[in-house]
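**Q** Here it is, the structure in full.
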């Protein structure tokens with residue numbers, strides 16, 4: 001079984017490729033690493049409705065001159081037992097602009113389609129973002145859909161706590 005999973009593992013984009021696609025008009029992409037305080041971690045967990053695996057968060061900012069074009073978070077998490085990495089691109093106001101799968105190590109049969117990921121377009125924390133409610137589920141890929149939905153909520157919560165309101 002491990003051989004089958006390893007054979008199905010797929011890397012779609014490197015970090016550099018994904019960031020270039022996320023901010024095509026940027027003249028630079030900056031990164032900032034945040035070490036969350038207990039209070040920030042608790043607020044992010046409450047807003048995202050899920051636990052944090054780390055208090056270390058890296059957020060990328062696409063800039064053209066002094067203008068902020070948007071923010072990006074690379075979310076890495078286990079789907080079932082193997083990892084997935086995807087990039088969540090947010091507008092300066094905190095709306096989902098794009099979602100791009102970078103790597104998926106579960107069998108590819110469990111990978112949601114690009115069309116499924118488009119459901120998150122223009123969503124914010126104001127939306128419930130609940131699988132089976134405003135986010136459609138996927139037969140045969142429930143764990144993938146749940147992990148992606150949680151990852152998007154987490155990225156939106158990072159924006160709300162670390163960027164929108166400042167530290």
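The values are calculated or read from the model by the stated rules, or taken from the named source; none is laboratory data. Everything numeric here is computed off the predicted structure, so don't read it as measured data. Backbone-built Cβ (ideal geometry, glycine too); neighbour counts: all protein chains shown.
**Q** Give the residues of region 45-54 that are closer than 18 Å to residue 146 by Cα and either in a helix (DSSP H, G or I) or free of Cβ contacts under 8 Å to residues at least 12 places away in the same chain (or both), sorted by residue number. First the steps, then the outcome.
**A** Of region 45-54, the ones closer than 18 Å to residue 146 by Cα are 45-53.
45, 46, 47, 48, 51 - these are the residues of region 45-54 that are closer than 18 Å to residue 146 by Cα and either in a helix (DSSP H, G or I) or free of Cβ contacts under 8 Å to residues at least 12 places away in the same chain (or both).
**Q** Same structure again: Enumerate the pairs (first residue in region 78-99 and in contact (Cβ under 8 Å) with a residue 40 or more places away in the chain and at positive phi; second residue anywhere and in a strand (DSSP E or B) and surrounded by 19 or more Cβ atoms within 10 Å (Cβ to Cβ)) with beta-carbon separation below 9 Å, excluding pairs fewer than 6 apart on the same chain, so at least 6 apart or on different chains.
**A** 94/71
**Q** Tell me which residues, restricted to region 82-104, are out of contact with any helix residue (DSSP H, G or I) (no Cβ under 7 Å at 6 or more places or on another chain) and part of a loop (DSSP other than H, G, I, E, B).
**A** Taking region 82-104 first, the residues out of contact with any helix residue (DSSP H, G or I) (no Cβ under 7 Å at 6 or more places or on another chain) are 83, 85, 91-93, 95, 97, 101, 103-104.
The answer is 91, 92, 93, 95.
Conditions (1) within 14 Å of the chain's Cα centre (by Cα); (2) surrounded by fewer than 17 Cβ atoms within 10 Å (Cβ to Cβ); (3) modelled with pLDDT under 95, marked per residue:
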residue: 45; (1), (2), (3): no, yes, no
residue: 59; (1), (2), (3): yes, no, no
residue: 64; (1), (2), (3): no, yes, no
residue: 73; (1), (2), (3): yes, no, no
residue: 86; (1), (2), (3): yes, no, yes
residue: 91; (1), (2), (3): yes, yes, no
residue: 110; (1), (2), (3): no, no, yes
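**Q** Which members of region 21-44 meet the condition of being closer than 21 Å to residue 99 by Cβ, out of contact with any strand residue (DSSP E or B) (no Cβ under 8 Å at 6 or more places or on another chain) and not in a loop (DSSP other than H, G, I, E, B)?
**A** 44
**Q** If the requirement is being closer than 19 Å to residue 46 by Cα and buried (at least 18 other Cβ atoms within 10 Å of the Cβ), which of these qualifies: 164, 123, 130, 146?
**A** Values: 164 fails: buried (at least 18 other Cβ atoms within 10 Å of the Cβ); 130 fails: buried (at least 18 other Cβ atoms within 10 Å of the Cβ); 146 fails: buried (at least 18 other Cβ atoms within 10 Å of the Cβ).
Going through 164, 123, 130, 146 in turn, the sole match is 123.
**Q** Kindly provide the set of residues from region 116-141 that are modelled with pLDDT under 85 and outside any loop (DSSP other than H, G, I, E, B), ordered by number. Lay out the reasoning, then the answer.
**A** In the first step, residues of region 116-141 are kept if they are modelled with pLDDT under 85; the result is 131-133, 137-141.
Passing the criteria: only 131.
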